[in-house]
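Peer 1: So that we are looking at the same thing, I have put the structure below in structure tokens.
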Amino acid sequence: RAKRLRGHSYAIFDDRQDHTSHHLIDLEPELWKALQQQEFTLFYQPRVCLRSGEICGAEALIRWQHPERGLITPDTFIPIAERSGLIVPIGYWVIERAGRDLKRLTAAGLQGHLGVNLSFRQFQDGYLANTIERLIQQQDINTSMLEFELTETALFSDEHHVRQCMETLGALGVEFSLDDFGTGYSSFSMLQKLPISTLKIDKSFVAGIGQNSDDEEIVRTIISLAKNLQKKVIAEGVETPQQLAFLQHLNCPLAQGYAFSPPVDLDTFLELLNQPNLL
Ligand code: C2E
Ligand code: CA
Ligand code: CA
Ligand code: CA
């Protein structure tokens, strides 16, 4: 569990330590070390076609394989990496690794897109598009399968620069999706102006299916908005049969969630690809 201290310092309270010692570990230098010592890894969560149950794409999600503390999920360290700017080199590492893994995934038959998360902070690097372009060339990444997942905050950081980056990368065949859709501030005009091909329905709305009629209405609205704007749509965080049935009834084409599979390591994902139907 990360706890915010003063200013830029954060700490983790290690459950396995003696609680009275309040053993604090400052994460920022630890993150640098983790990057240099290759302690990060990527997990993959399938995107499932709600008609056939087949895997159609995946999302890459970073994990920190800490030598003593085990597997650490990104909510603990991505916000710190964003604040310190370390997200820039970490983000390039993610793209490089995703590009490498994509070769094995396509060889094993993966279809659809591989979603890679891009933080709004990464756009603060003026060379973002050029650097990604270089990585794509160096790694010979199949851009027709590459999709960057952006949140609505990214689009607001510096509209002109963000749009330029998106256009440069879009020209290479890369697609963009809007992550956590519905929780931010996107306007309809932005959806038209920017090259966004997919909306990802935030899991908080999916969680309300069967519980809250407003959430159900929002899910319904996002799906029809996507259809009307000729964009693809993916529901996130599908956990229950009831949520699944609701989404299938609305003809939502794709979904991710624990109902199908949590994010898993590459080898486990490669095995999942052998399964004909995840429904
Ligand atoms: P996100 O992009 O919205 O990713 C979806 C999160 O929902 C993931 O958490 C995933 O494990 C989780 N999830 C998947 N299915 C379910 C479900 O059925 N129910 C629930 N409750 N959760 C589900 P994770 O892997 O812990 O990642 C958290 C966030 O960290 C991500 O949210 C994303 O914002 C960020 N992140 C992860 N990897 C990267 C990365 O490589 N780069 C950047 N910049 N951010 C990343
Ligand atoms: Ca995402
Ligand atoms: Ca999301
Ligand atoms: Ca999120």
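The values are calculated or read from the model by the stated rules, or taken from the named source; none is laboratory data. Not measured: the values here are computed from a predicted model. Cβ placement follows ideal geometry from the backbone for every residue including glycine, while neighbour counts extend to all protein chains displayed.
Peer 1: If you take the residues in the range 24-43 that are touching a helix residue (DSSP H, G or I) at 6+ places or on another chain (Cβ under 7 Å) and hydrophobic (A, V, I, L, M, F, W, C), which one is nearest to HIS249 (Cα to Cα)?
Peer 2: Checking each candidate, the answer is LEU42.
Peer 1: Looking at the structure I just gave you, is ARG69 of a type outside the set (A, V, I, L, M, F, W, C) and either over 18 Å from GLY170 (Cβ atoms) or buried (at least 20 other Cβ atoms within 10 Å of the Cβ) (or both)?
Peer 2: Yes, satisfied.
Peer 1: Scanning the range 44-73 for residues that are of a type outside the set (A, V, I, L, M, F, W, C) and assigned to a loop (DSSP other than H, G, I, E, B), which turns out nearest to LEU250 (Cα to Cα)?
Peer 2: ARG51
Peer 1: Within the range 73-113, take every residue that is among the hydrophobic types (A, V, I, L, M, F, W, C) and touching a residue at least 60 places away in the same chain (Cβ under 8 Å) and give me the one that is nearest to ILE234 (Cα to Cα).
Peer 2: In this case the residue turns out to be LEU110.
Peer 1: Just to be sure I understand, how many residues within the range 123-155 are of a type in the set (D, E, K, R), within 15 Å of the chain's Cα centre (by Cα) and either at pLDDT below 95 or under 17 Å from ASP101 (Cα atoms) (or both)?
Peer 2: Number satisfying all stated conditions: 2.
Peer 1: Which of the residues belonging to the range 87-98 are within 15 Å of the chain's Cα centre (by Cα) and buried (at least 19 other Cβ atoms within 10 Å of the Cβ)?
Peer 2: ILE87, ILE90, GLY91, VAL94, ILE95, ARG97, ALA98
Peer 1: Which residues, counting only those in the range 1-36, are over 18 Å from ALA98 (Cα atoms) and modelled with pLDDT of 50 or more?
Peer 2: Of the range 1-36, the ones over 18 Å from ALA98 (Cα atoms) are 1-33.
Once the filter is applied, which keeps residues that are over 18 Å from ALA98 (Cα atoms) and modelled with pLDDT of 50 or more, the range 1-36 yields ILE25, ASP26, LEU27, GLU28, PRO29, GLU30, LEU31, TRP32, LYS33.
Peer 1: Let me ask something else. Taking the condition of being more than 16 Å from ligand 3 (Cβ to nearest atom) and closer than 17 Å to LYS203 by Cβ, how many residues in the range 224-244 meet it?
Peer 2: 4
Peer 1: How many residues, within the range 83-114, are assigned to a helix (DSSP H, G or I) and at pLDDT below 95?
Peer 2: Summing the residues that are assigned to a helix (DSSP H, G or I) and at pLDDT below 95 in the range 83-114 gives 2.
Peer 1: A further question on this structure: With ILE209, ILE218 as the choices, which residue is within 16 Å of ligand 1 (Cβ to nearest atom), at pLDDT 95 or above and touching a Phe, Trp or Tyr at 6+ places or on another chain (Cβ under 6 Å)?
Peer 2: ILE209
Peer 1: Ok, one more. If only one of ARG47, ARG51 is over 12 Å from the mean Cα position of the chain (by Cα) and either farther than 21 Å from THR268 by Cβ or surrounded by 22 or more Cβ atoms within 10 Å (Cβ to Cβ) (or both), which one is it?
Peer 2: ARG51
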